Amino acid sequence: MASPSLTRRDLLRRCAAAGGLGLLGSAMKTASSLTPARDVADHLLLGVADRDQGMAWFEKLTGVKPVVGGSHPGRGTRNALVSLGGRQYLELIAPDPAQNSSTFFMDLRTLKEPRLVTWAAATKDAETSAARARQAGLAVTGPADGSRVRPDGKVLRWRSLDLPHTAGPGDIEVVPFLIEWAAGSVHPSQDSPGGCALRTLELEHPDPARVVHTLEAAGIEATVGKAPLARLRATIATPKGDVQLT
């Protein structure tokens, strides 16, 4: 049996039943300003316990070899990258053995196999996105400045905005953080190995309504399936055919 889920249509029906045409009209107006999760995704974070092993695993699975990205100073992580076409990419994120501590929301060293652990949604204006989310009642953190030095010495800069988390300890975080890339920073999708594309992005969570509310406050529309544990599932087109990452 398919897992129950909440969609925009479900919410519109509930609004109509609860408050008549006034609430329904308001909900429809709000819906027009939402962007589907698949389209607003900036990048997916595939957690791996070891970066080099994760790169080899991904190349064997897809036929595309990720490129080393760099380290995140103060966060305890480092990465490798694959373009997903357009302005979207996949980030293999792993512990950085050169750093003694980590501020990442989960301990990547405990992963037994690669897993999608969270994702980032693109925004053109982090300040405006923060104001919108706060107006909707969300306690957001940021925007905060971030940077990473590439192997060629060039510095990438961005601003990120954290939305309220919905994961339990060690769980997958299906609510994204928002990212605004600095002018002049080359988007990682533009110079990372190509050949892959994001086809679908699906979300599951024990409390779909909570996730839907948080996403909508950030301008994102998504169908969220109900499941015992939070999970992300992405279908990626690759030279070896479509593969599913979870």
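The values are calculated or read from the model by the stated rules, or taken from the named source; none is laboratory data. Small disclaimer: the values here were computed from a predicted structure and weren't measured. As a convention, Cβ positions derive from the backbone with ideal geometry for all residues, glycine included, and neighbour counts pool all protein chains shown.
A few notes on this one:
- The one condition in (1) under 15 Å from the mean Cα position of the chain (by Cα); (2) surrounded by fewer than 16 Cβ atoms within 10 Å (Cβ to Cβ); (3) polar (S, T, N, Q) that Q190 fails to fulfil: (1)
- Segment 85-103, residues that are over 18 Å from the mean Cα position of the chain (by Cα) and surrounded by 17 or more Cβ atoms within 10 Å (Cβ to Cβ): P95, D96, S102
- Within segment 82-100, residues that are on the phi > 0 side of the Ramachandran plot and in contact (Cβ under 8 Å) with a residue 60 or more places away in the chain reach partners that are in a strand (DSSP E or B) and surrounded by fewer than 24 Cβ atoms within 10 Å (Cβ to Cβ) with beta carbons closer than 9 Å, at six or more positions or on different chains, in the pairs G85/A197; G85/L198; G85/A237; G86/A197; G86/L198.
- Flag for E173 being touching a strand residue (DSSP E or B) at 6+ places or on another chain (Cβ under 9 Å), assigned to a strand (DSSP E or B) and either at positive phi or in contact (Cβ under 8 Å) with a residue 40 or more places away in the chain (or both): no
- Scanning segment 27-55 for residues that are at pLDDT 95 or above, surrounded by 14 or more Cβ atoms within 10 Å (Cβ to Cβ) and part of a helix (DSSP H, G or I) yields a count of 7.
- Single condition W158 does not satisfy, out of (1) over 24 Å from H205 (Cβ atoms); (2) free of Cβ contacts under 8 Å to residues at least 40 places away in the same chain; (3) not in a strand (DSSP E or B): (3)
- Checked against (1) within 26 Å of G86 (Cα to Cα); (2) small (G, A, S); (3) touching a Phe, Trp or Tyr at 6+ places or on another chain (Cβ under 9 Å), G195 passes all but a single condition, namely (3).
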